[in-house]
1. Might you check whether a residue that is more than 19 Å from residue B:280 (Cβ to Cβ) and modelled with pLDDT of 90 or more occurs anywhere in the stretch B:176-195?
2. Going by the structure shown, is residue B:47 modelled with pLDDT under 80 and among the acidic types (Asp, Glu)?
3. Output yes when any residue across the stretch A:187-195 is in contact (Cβ under 8 Å) with a residue 40 or more places away in the chain, out of contact with any Pro (no Cβ under 8 Å at 6 or more places or on another chain) and hydroxyl-bearing (Ser, Thr, Tyr), and no when none is.
4. Enumerate the pairs (first residue in the stretch A:319-332 and within 14 Å of chain B (Cβ to nearest Cβ); second residue anywhere and modelled with pLDDT under 90 and not in a helix (DSSP H, G or I)) with beta-carbon separation below 6 Å, excluding pairs fewer than 6 apart on the same chain, so at least 6 apart or on different chains.
5. Find the residue count for the stretch A:294-323, including only residues that are assigned to a loop (DSSP other than H, G, I, E, B) and either under 14 Å from residue A:212 (Cβ atoms) or at pLDDT below 95 (or both).
6. Taking the stretch B:253-262, which residues are of a type outside the set (Ser, Thr, Tyr) and under 10 Å from residue B:344 (Cβ atoms)?
7. Restricting to the stretch B:1-44, give me the number of residues that are more than 22 Å from the chain's Cα centre (by Cα) and part of a loop (DSSP other than H, G, I, E, B).
Amino acid sequence: MNAPLRELTYAQAIQEALATAMEADKRVFIMGEDIGVYGGAFQVTGDLVHRFGEDRVMDTPISELGAAGIAVGAALAGSRPILEFQFSDFATLAMEQIVNQAAKMRFMLGGKVSVPLVMRLPSGSGTGAAAQHSQSLEAWLAHVPGLKVVQPSTPHDAKGLLLAAIDDPDPVMVFEHKLLYKMKGEVPEDAYRVPIGKAAVRREGRHATIVATSIMVHRALEAAEVLAGEGIEVEVIDLRTLRPLDTATIIESVKKTTRLACVYEGVKTLGIGAEISALIAESEAFDYLDAPILRLGGVDSPIPYNPVLEKAAVPQTPGIIEQVRNLVKGRI
Amino acid sequence: MPIEVILPKVDMDMATGKIAKWHVKDGDAVRKGALLFEIETDKAAMEIDAPGDGIIRNITAAEGAIIPVGQTVALIYQDGESAAAPAAPEPLPPVKPITPAPRPDAVPTAVLPAASASGRFPATPLARRLAKQGGLALESIAGSGPRGRISAADVHGALARPAAPQHAEPGSYQVTPLDGMRRTIAQRLTLSKQTVPHFYLTVNCDLTRLSEIRERLNAHAPRDERKLPVWKLSINDFIIKAMASALRQVPDANVTWADEAIHKYHSCDVGVAVAVEGGLFTPVVRAAESKSLPQISMEMKDLAARARARKLLPSEYQGGTTTISNLGMFGIEQFTAIINPPQATILAVGAGLERFVPVKGQSVLRTQMTCALSCDHRAVDGALGAQLLAAFKTFIEEPALMLA
C-alpha cells in the first residue's frame, strides 16, 4: 500500500526532521540565534520551542564561536546538538571550533571520542542580502577532512539527509539554500534516511552529464528539459553530498555520456567543479571524454547587492542551456 | 613593441589556413601595405599586406604549413626596436603528409588537423582511443571541433567510410595531394549528393529567336576608340538573364534550404560555374533580373577572369539560389548537375544543336538547346520546379519578354 502523497515545504521538512529526532532521542537538542520564540530567521524552527521547551530549543547570544564551542563540548559529553547558523556566512566566526576542534577530535584521540554535531547553514544568493549574507562556502568546509558536508536540493532530501546527519557519529554540515525554503515537494511521514555520500541521478540522458548541487539541480533540470526538445539528452546528477564524494556515480555517468558539465553556485575558481573535473581526469572515465569539461560556477566576485548583478553572478538556466548545447555540439 | 603579423580570417568558416608563398624574407624592410604573403584557403588565394612599416623578423610559419587563424606568423620591428627579443612562438613544423596508415581508405573530408607545436594532433581522449582501436592514424582524420579538434564523431565518420579497392600497384601511378579547393569540392558535393534529395526536369529550348536577337545586338554594340565592340553577348549571358527573369516570375523557387527554414530572396542572384585549373568556382551575378544583358556580360567576363586567376573574394562566390553549369562548348548534348548547397536548384545547359522537329506535320530544322534543372525537393517541389523551368524556356524562346 502506498502512503498518501503529502507535500511539505523544504523548511517544513527540516522542522519535521528536527521534531522527529527530538521525539525519538532525548539527547538531541537544537541551538542558535533567534530559533526559539522568534522561530528562526527563515522560520525553520517555528514553534518547536513550545513543543520541546527552552532547554532543548536554545536561543544563543550573537556569538558564533561561543555557541559552536558549547555544541562541540556537548557532543563530546554525549549529547546530540544541532547548531543553526543564522546565515552560513557567520560560520566563518566559528572556524576554530569547526575546523580545529570538531573535525579533529576523533583523529587526535585515537578514535576514543567522536563529535556527533550537526550544523545547519542557510546559504546561497538570490535574496538581495548582499555580499556578507549570500555566500556559498560549502567547498571551503568540504576541504576539511573530519567534516561531512551535505547539500539537500529537495524537501525530501532536506528531511532525510538531516536525519542521517543526526544519526552520524561525526560532525556534519548541512548547507540549506535560502531560495529553496519555500519549495514544496513530496515528503513521507516516516523517519526515513537519505544516505550521506550517495548522489542521485535526477534525470537520465546519453549526450552529457550535468553534476549539480543544491538549487542548481533545479536549473540543470530546467535546462535538460529545454535541450531534450532539441534532441539533446542530458543526464542530471544531484551531488547531495560534497564530502564524502560519490565518485562512482559520476564516473559511471561520464563513461556513458562522454561529456561533463559541473554546475554550482559557489565561486568557480578552486570550487567543487574543479574537484569533479580533476576526479574525472584522474579516473578511467578520462578515456571516454569527447569534449573538454565545462564548469559553470559563481563569478570571482563577492555577491553584488544590485539584483541584476546578483543574478548574473551565479549560473542561471539560459546560460546552462546555451553552454551545455555548445558542449554537446562540439563548439567548446 | 613589434607589430604582430597574424594569419587573418579571410573566409567565413575558416579555422586554419596555409601560407602558399612568402613574398618577404627575414630581415627585409617592409612598408605598410606591401605584399607579405599569400594564403590558400579552401576556395581561393588571398594576398596579405604588411600592417605597418619596419623590419620583418621571426617568420615562424613555413610555406605549406597549416596554421590556425589568429596565430602570429611574423613580427615587424619598428625603428629602434631590438629584434633580439625572443617574442615569437616556437616555429611550427609543416603539417605531415597524409601517411597511408593501416587503413589506406581514410580520406579526410574537412580541415586536416593542425599539428600543434609538439607535433601532436588535437583530439579528445575518446577520439584517440577509438582511433587507436580502429587502427586509424589521427593525422588522417579531419577534426570538426574548435582548432581542428578530432571528436569521436569524426573518428566514427572516418571508420565508416568504405575501404577503397586497391586497384593498382603502388608506383604505377602518380599521387597528387589534395589542395584546399579539391577538398572543398569533394566535401560539399559528397554532402549534396548524399543528403540533398535531387530530382531532375528536362526541356528543349528553341534558340532561333535568341540567335537572331543576339546577332543584332552584337552588331549594334558601341565601339571604343580602336573601333572594337565594347561588349559581345554570349548565349550564356542570355541564359543568366533568362534564369533570373524566371526566378522573378516564380519567386517561390528563389530560395535556399536552411534546415529549420526556407529563405526566400528579394533579388535573383545567379551563380555561374567557371572551370579553372584544378577545379571550379561559381561566382554569383547579383540581382541579374534587374541588369541589362551588356551589364551581365561585362560583369561575367570580369568574374570569370578573376576566378581563373583565383583572385575572387569570398563574398563574390557566396550566396545565390541557383547556379548555371554550361558544358555546351564541349558539345555535350545533355547532362544533370549536382546542387551546390544551400542553393535550391542548378541548371545544366547542353550545346545548341540542329535537330529536325515536327512543325504542323512538317519536319523543320531548328537549333535546340537541352536544359536539365536539378531541384532540392526539400525546398522546391515538382510543380514549382516545372514552373521555373517552363518560365526559363519561355524567356529563352521569346527573349523580348526579358525587356518586359
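The values are calculated or read from the model by the stated rules, or taken from the named source; none is laboratory data. Please read these numbers as outputs of a predicted model, since none were measured by experiment. Using ideal geometry, Cβ is built from the backbone for each residue, glycine included, and neighbour counts are taken over all protein chains shown.
1. yes
2. no
3. no
4. Cβ pairs passing all conditions: A:326/A:332; A:330/B:145.
5. Filtering the stretch A:294-323 down to residues assigned to a loop (DSSP other than H, G, I, E, B) leaves A:299-306, A:313-316.
Next, only the ones that are either under 14 Å from residue A:212 (Cβ atoms) or at pLDDT below 95 (or both) stay: A:314-316.
Selection size over the stretch A:294-323: 3.
6. Initially, the stretch B:253-262 is screened for residues of a type outside the set (Ser, Thr, Tyr), giving B:253-255, B:257-262.
Once the filter is applied, which keeps residues that are of a type outside the set (Ser, Thr, Tyr) and under 10 Å from residue B:344 (Cβ atoms), the stretch B:253-262 yields B:253, B:254, B:255, B:257, B:262.
7. 12
Okay, residues lined up against (1) buried (at least 19 other Cβ atoms within 10 Å of the Cβ); (2) free of Cβ contacts under 8 Å to residues at least 12 places away in the same chain:
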| residue | (1), (2) |
| --- | --- |
| A:57 | yes, no |
| A:70 | no, no |
| A:100 | no, yes |
| A:119 | yes, no |
